[in-house]
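The values are calculated or read from the model by the stated rules, or taken from the named source; none is laboratory data. Predicted model only: the values in this text are computed from it and were never measured. When we count neighbours, we look across all protein chains shown, and the Cβ atoms used for this are built from the backbone with ideal geometry, even at glycine. Side chains included, ligands, DNA and RNA excluded: accessible areas come from the protein's heavy atoms. Shrake-Rupley method; radii C 1.70, N 1.55, O 1.52, S 1.80 Å.
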Amino acid sequence: MLNILIVYWHPEPKSFNGAMYHTAIETFKAEGHEVKTSDLHAMNFNPVSGRHNFSTTNNANFFKQQLEEMYATEHDGFSPDIEEEIQKLEWCDLVIIQFPLWWFSMPAMIKGWVDRVFAMGRTYGGGRFYENGVYKGKKAMLSITTGGPEEIYLKGGWNGDINGILRPIHRGIFEFNGFSVLETQKVFGPARQTEEERCSELERYSERLKRIFEEPTIKIGQY
Ligand SMILES: Cc1cc2nc3c(=O)[nH]c(=O)nc-3n(C[C@H](O)[C@H](O)[C@H](O)COP(=O)(O)OP(=O)(O)OC[C@H]3O[C@@H](n4cnc5c(N)ncnc54)[C@H](O)[C@@H]3O)c2cc1C
């Protein structure tokens with residue numbers, strides 16, 4: 001039995017992203033795994049970083065987030081909402097982040113979660129990154145949807161290789177913090193698909209998740 005954290009944001013619970021989120025929860029539970037979730041829309045999670053990230057204060061005259069994070073790490077000083085999210089990351093063997101691709105990136109709510117939860121001292125720093133990262137041994141995976149079709153996300157396509165678009169997340173967040181990366185689950189243009197095609201996308205995702213721990217990780221590395 002493994003511990004899985006699913007972080008998810010979409011402003012519409014009945015969206016296709018919502019369906020993927022629930023498919024993952026149901027599949028993992030049926031397989032006997034432990035699942036924790038961060039449904040950021042339902043939680044009304046505050047994505048804006050600031051002094052409210054902390055219950056402690058290192059420097060009251062000048063706010064520098066990373067120095068406050070290091071101080072908070074030493075003094076048990078993260079605000080309850082951030083502490084809870086960090087503890088979920090510490091608990092999990094696999095984290096999946098589910099979102100619609102917005103402007104070639106994560107929606108602001110997901111980015112804000114990353115900005116606040118991945119904290120210097122606690123999740124990285126002091127030489128602990130990449131191969132020596134705090135979360136070494138854990139896996140991370142994106143599960144995304146797009147508006148555009150697959151062909152525009154290939155090399156030479158209008159938007160270019162989807163792997164290049166996702167590289168800042170894979171390398172700059174996942175690998176930087178020590179996670180090994182699993183291939184992204186991608187559903188291209190669910191709104192353009194028939195109901196039948198969407199149902200088979202959900203089935204494909206569920207089937208993949210049943211064997212996800214047998215999959216090799218992908219190495220993002222340096223260019
Ligand atoms: C600000 C912004 C920026 C964007 N930037 C980009 C970009 O850079 N690149 C890009 O490609 N796109 C972009 N988009 C488009 C966006 O990525 C897509 O609209 C989104 O990924 C589609 O996923 P969804 O969950 O919102 O689909 P939805 O529209 O919610 O769902 C599609 C269909 O699936 C149906 N559905 C829901 N549940 C189920 C189920 N269980 N079974 C079967 N069908 C179901 C829904 O009813 C709906 O008809 C952007 C959109 C916005 C708003």
Contacts under 8 angstrom Cβ, first residue in segment 184-211 being free of Cβ contacts under 8 Å to residues at least 40 places away in the same chain, partner assigned to a strand (DSSP E or B) and more than 9 Å from the ligand (Cβ to nearest atom), 6 or more apart:
ARG208/GLN185
Filter segment 129-164 for residues that are open to solvent by less than 70 Å² (accessible area, probe 1.4 Å) and of a type in the set (A, V, I, L, M) and give the result.
VAL134, ALA140, MET141, LEU142, ILE144, ILE152, ILE162
In the set ILE144, ILE173, ILE152, the lone residue that is part of a helix (DSSP H, G or I) and within 16 Å of the ligand (Cβ to nearest atom) is ILE152
Somewhere in segment 119-128, is a residue open to solvent by less than 10 Å² (accessible area, probe 1.4 Å), within 21 Å of HIS52 (Cβ to Cβ), β-branched (Val, Ile, Thr) and in a loop (DSSP other than H, G, I, E, B)?
yes
What number of residues within segment 13-49 satisfy the criterion of being more than 21 Å from LYS111 (Cα to Cα) and either open to solvent by 40 Å² or more (accessible area, probe 1.4 Å) or modelled with pLDDT under 95 (or both)?
7
